[in-house]
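Throughout, read-outs are computed from the coordinates displayed, never taken from laboratory work. In this text the structure is predicted, and so the values were computed from the model without any measurement. Positions of Cβ are backbone-derived with ideal geometry, glycine not excepted, and every protein chain shown enters the neighbour counts.
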Amino acid sequence: MRVRVEGNPNRKIVLSIGLDHPHFSEHYYAARAGQKINPKAETAAVPRSLDWLKDKYLAHLERMVAAGQASPSTLRQRRSLLTRLCAHKTDVGDRYGEKTLEAPQSAFVRVRDAMAATPAEADNMMKAAKSMYAWADSSGYADANPVVGISRIHKSRGGAKPWTGADLLKFRKAHPPGTMAHLALTLHMFTACRSSDAIWLGRDQEFIKDGVRWLEFQPRKKGSAFVQIPMMPQLRASIAAAGRIGPSYVLSEHGRPYRNPESYRMRFRRWCDEAGLVDRSSHGIRKAMSELLAEAGCSEHQIMAVTSHTQPSTSAIYTRRADRARMAAQAMAAAEGLEW
């Protein structure tokens, strides 16, 4: 990965680590400042230590990705989280990774509690550790899973903010038809696709049914349902306006598909910043589409067909909200005749 030095667009520094490296941010911002950090040499892990188990598990996960049984994004996330788990220090300053893999549950609870300021991340780390130990137990490397039973600490606040009509208008004003940003927004809006799918969806996924052009694709997120959706006129117009043809609809500044969802999300974040939308993300567009469909009277299963959800409970969040709004409007309409 090459990083452009801030203030010197002609100079770029090549990073020798990937996006999933635990010290990626440190290397990235140093490169932006014109400095290159050389990564420290990795040392061999002590057998049956937490470092050793982490390496064994990640090697297994790499094989699963190569076989198409796990997603690259899962591998990247778990490598980052488990590397940070191993880097955590005990009360006396020792690395967790150097300790035996037969750690007590209390050791993992201490890590979770130390990350209380970022509860969602803490829960994700426990989830990664739980998966690692589940594999270790079934593979004969561990006799028990010490992470089982550790409770979550994150209290959901609804996740990404759904975009409003004003947000969509503001973005489109900053990024008119013909720009890649406009195409990306339109693709998210009229397919409800995730970032992990926006980077590869293209003309190969199009087909004609009863004279109508459709898109069909299997979302990359594990457990998602297959999607078949008509291509709306707005999406076809935005694709035509962009005028750039490649393996995918959305292309980078270099005319190539984005290599991974993370780099695409970073680019979309900059597009939002340029439009003055400082707290919006591509996932919020997906939520906005779900809410609009619910407000239009679509059923849970109709929304599921668009968003690739497999559980009605997820789509029910949006239909319940829309139902409440409709019932409130009906109730207030009935109250109009009351004398006051």
- Amide H neighbours of Ala142 under 5 Å, counting only residues 5+ apart in sequence or on other chains, H built in-plane at 1.01 Å? Asp137
- Cα convex hull volume per residue for the chain, in Å³, equals 209 Å³
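If r is the Cβ-Cβ distance from Asp113 to Arg213 and R0 is 56 Å, what FRET efficiency results, to the nearest 0.05?
0.60
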- Task: Using label points projected 7 Å from each Cα along Cα→Cβ, tell me how many nm separate Met232 and Lys173, to one decimal.
- Result: 2.1 nm
- lysines within cross-link reach of Lys127: Cα-Cα under 19 Å, excluding same-chain residues under 8 positions apart? Lys54, Lys56, Lys155, Lys221, Lys222
- Kirkwood hydrodynamic radius over Cα pairs of region 50-139, then Stokes diffusion coefficient at 25 °C and 0.890 mPa s, in µm²/s: 183 µm²/s
- Message: Taking a ≥ b ≥ c as the square roots of the Cα gyration tensor eigenvalues, with a/c under 1.5 meaning rounded and otherwise prolate when a/b beats b/c, else oblate, which class fits region 209-251?
- Response: oblate
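Can you give me the orientation-averaged projected area of the convex hull built on the Cα atoms of region 165-329, in nm²?
Mean projected area of the Cα convex hull: 10.2 nm².
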- Message: Let me spell out the model: positive unit charges on the Cβ of Lys and Arg, negative unit charges on the Cβ of Asp and Glu, origin at the Cα centre of region 165-329. What dipole size does that give, in debye rounded to 20?
- Response: 280 debye
- In sequence order, calculated HN-Hα J values of region 193-203 (Karplus, 6.51, -1.76, 1.60; Hz; x Gly/Pro): 6, 7, 4, 5, 9, 4, 7, 10, 4, x, 5
